[in-house]
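All remarks here apply to the structure that follows.
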Amino acid sequence: MKIVIIGGVAGGASAATRARRLAEDAEIVLIERGANVSFANCGLPYYLGGVIEKREKLLVASAKLLRTRFRIDVRTSSLAESIDRAKQTVRIRELATGRVYEEPYDQLILAPGAVPLRPEVPGSDSPRLLTLRNLDDMDQIESLLAAGIREAVIVGGGFIGIELAENLVHRGIHATLIQRGPQLLSPMDPEMTQPLLERMRECGVTVYLNETLRSLDTTSDGVVVWLESGRAILAGVVLCGIGVAPESTLADHAGLEMGLRRAVEVNEQQQTSDPHIFAVGDVTEVSDFVLQDFGESPSYVPLAGPANRQGRLAADAICGREMHLNEPGVRYRGTQGTLIVGCFGCTAASTGASEKSLKRRGINYRKVYIHPADHAGYYPNAQPMTLKLLFDPQSGRVLGAQGVGGTGVDKRIDVLSMAIQAKMTVFDLEESELCYAPQYGSAKDPINMLGFVASGLLRGYHPQIDVESLPTPEQIASDASVPMILDVRTPLEFAAGAIPGAVLIPVDELRDRLGELPRNRLIAVYCKVGMRGYIALRILLQHGFDAVNIGGGWTTWRMHQK
C-alpha cells in the first residue's frame, strides 16, 4: 500500500507517523511545500517576543528524523499542483528545480492547513503588511523588528493578534490592536473578554474596538495605517491576524465535495467524497460536538488539537486499526472548540457552545456565573477568576463553559471540557471529586460551586434573574410589575458603586428589616459575587417573599456594562 500525504505540521505529520506505526510495510510519501515539515506554529509569536530564545526549539520533527526513524519519504519544498482522481496520481512540482512529476497513490491524505486572510483595502500589497503562518513569515517579521521598529499595528483581535500584542510589548515595541467587532476573541461571549481587554490596556496596548482598516500608505521607513474613523497611525509594520480560510483549492479543483466556508467535507473517518482520498486538519469541515445533538452540526474550527487527532484517525482508517471489545469504530466524534489564550498574566478559555451560538440557533439554555479564587483564600496569592456555565434547562446537561482570570482557569475549563465530552450534567458537577490542597484549590472546588449554583437553579432552591433582564431605575420607580433591586452588601461597598435603582439592606440586617420590603413585588437581590445574595434569597423565600438572586452579582453586572 502506498500512502501519499500532502502537508505536514500537525495533521499531516501525525498521519504519517501513525501510519508507519500501524503499517511497517507501507510506502509513505510526505509532500510539504515549505522547508520545514513539522514545526510549532503556535509558538511563533513567543519567538518574536523572546520568550522562546532559540529558533530550533520550534522544530517539532525534522525531515531527517522522519526519514531515519520512520522510513518516511519526506519531500520538502515541493508543491502539490493537482490531483488526477481517475489515475490516482498527484502532480508535484519541485520548487527549487522546477521539475514536475506524477506521484501515484493508493490512499491520499490532504493536510494543507489554512491560509491567513488579508484585508482587501487599498495598499494591502504593502511589504510592511505581514501575516504569521510559518517560520518564513516569522523570519520576515523578525528582520523588521530587529531593525529597530518602535510602533506596530495589529489587525485582528483573535488569538494571534492578542499573542502578538503581548510579545511586541515584551520587546519594548508599542502595539496598537484594531478589532472590527465590539469585543476581542469573537468565539467567546463579550462580557467574558472584558477582563482580558482591561489587562491589555493596563499593560500599554492601545486597543480600538468597532474599528476597521481603510487603507495603507507605505513610506520609505514605515506605513501609515488609515482607519474608517479617520484616525491615522504611523507604524513600522502591520501584522494581520483577521482569521484564516481553508486552503482547499487543490481539493476543490479535484472535484471533491466542499462544505462550510469552502472546507472539504469528510465523514467520521475523515474520508472525502472520493473513497481513496482523506482530509484532516484546518482544511476540513467538522461536526460540532455539542450542537450536532440539536441538528446544528457543520462547523469550521481550525485548532491544532483536533488536527492531530484527525491525522491519527485517518491513518487508523486507512490501515485498518483493530478495534477492542468496547471501543466504537474508527470515527471522529466532532470538535467542541476548546481554546485558551494568555496575555500579561490574564487567561481566557472556552469549551463547547457559547451563549451567542445557542441564541443564534434558538437552543434553550440557562447560565450561571461564579467568581471564585483559584485556591483557598487563606493560602497566599490566591487569584480571582470568573467562570460561566451554560446548560440545558431540562436535563442539566453541560453545553459550554468559559473562564477568565489568573492561575487555575485552564484547569477548570479542562475539567469542564471532559464533562462536555462525557455529556455530564450540572448535578454531576456537584459530586465531582477533585484533588485538593490549599495551594491548588478549595475543598469546594469552583467546579463544585458551578454545580451547586446551577443545580440549585434547576431544583428551584436558587431562582435567578440574569443581569440583562434587570429593569431601569425609571421602570423600578414607576412600574410595580418589575422587580425591586435589593443590595445586601455593606454600606461601604454600596457607596463605591451599585446597580442603578437598588435599595441597600445589608444581609446581616435583613431579618430585622423584612418589614421594609414589599410582599406583592418580586425582589431581585445581589451582593458582590453571589454568595451573600444567595443567603439573602433563602431568607426571603422562607419568609414568604417572592425573590430571585441576580446571577453573579455586582461583578457580573459590571462585566456587562463595558
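The values are calculated or read from the model by the stated rules, or taken from the named source; none is laboratory data. Predicted model, so just to flag it, every value in this text is computed and none were measured. With ideal geometry, Cβ positions are generated from the backbone for all residues, glycine too; neighbour counts draw on all protein chains shown. What goes into the accessible areas is simple: the full protein's heavy atoms, side chains included, and nothing from ligands, DNA or RNA. Shrake-Rupley method; radii C 1.70, N 1.55, O 1.52, S 1.80 Å.
Below, the figures for the structure above:
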{"item": "Pair list, Cβ < 8 Å and 6+ apart or interchain, from the range 224-252 residues that are hydroxyl-bearing (Ser, Thr, Tyr) to residues that are open to solvent by less than 50 Å² (accessible area, probe 1.4 Å)", "result": "Ser229/Glu211; Ser248/Pro112; Ser248/Met258; Ser248/Ala263; Ser248/Val264; Ser248/Val283"}
{"item": "Members of the range 173-204 that are under 21 Å from Thr555 (Cα atoms) and among the hydrophobic types (A, V, I, L, M, F, W, C)", "result": "Leu184, Leu185, Met188, Met192, Leu196, Leu197, Met200"}
{"item": "Ala454 vs. criteria within 18 Å of Val529 (Cα to Cα) and either part of a loop (DSSP other than H, G, I, E, B) or of a type in the set (Ser, Thr, Tyr) (or both)", "result": "no"}
{"item": "Candidate set: the range 421-471, residues that are aliphatic (A, V, I, L, M) and over 25 Å from Val548 (Cα atoms); chosen: the one least open to solvent (accessible area, probe 1.4 Å)", "result": "Ala437"}
{"item": "The range 54-85, residues that are of a type in the set (Asp, Glu), surrounded by fewer than 15 Cβ atoms within 10 Å (Cβ to Cβ) and either touching a helix residue (DSSP H, G or I) at 6+ places or on another chain (Cβ under 8 Å) or assigned to a strand (DSSP E or B) (or both)", "result": "Glu81, Asp84"}
{"item": "Restricting the range 132-181 to residues that are open to solvent by 20 Å² or more (accessible area, probe 1.4 Å) and of a type in the set (S, T, N, Q), the residue that is farthest from Gly49 (Cα to Cα)", "result": "Gln179"}
{"item": "Residue tally, condition open to solvent by 10 Å² or more (accessible area, probe 1.4 Å), small (Gly, Ala, Ser) and under 13 Å from Asp487 (Cα atoms), over the range 520-562", "result": "1"}
{"item": "Top-ranked residue in the range 215-242 [being surrounded by 16 or more Cβ atoms within 10 Å (Cβ to Cβ) and not in a strand (DSSP E or B); ranked as farthest from the chain's Cα centre (by Cα)]", "result": "Gly222"}
{"item": "Enumeration of residues in the range 260-277 that are open to solvent by less than 20 Å² (accessible area, probe 1.4 Å) and more than 21 Å from Ser82 (Cβ to Cβ)", "result": "Gln270"}
{"item": "Qualifying residues in the range 192-214 (those that are buried (at least 16 other Cβ atoms within 10 Å of the Cβ) and of a type in the set (D, E, K, R)) - the one nearest to Pro127 (Cα to Cα)", "result": "Arg214"}
{"item": "Residue check, Arg99 touching a Lys or Arg at 6+ places or on another chain (Cβ under 9 Å), free of Cβ contacts under 8 Å to residues at least 40 places away in the same chain and either open to solvent by less than 30 Å² (accessible area, probe 1.4 Å) or closer than 20 Å to Val283 by Cβ (or both)", "result": "no"}
{"item": "Which listed residue, of Ser299, Ser287, Ser273, is without any contact (Cβ under 8 Å) to a residue 24 or more places away in the chain and of a type in the set (S, T, N, Q)", "result": "Ser273"}
{"item": "Conditions (1) under 39 Å from the mean Cα position of the chain (by Cα); (2) assigned to a helix (DSSP H, G or I): number failed by Leu541", "result": "(1)"}
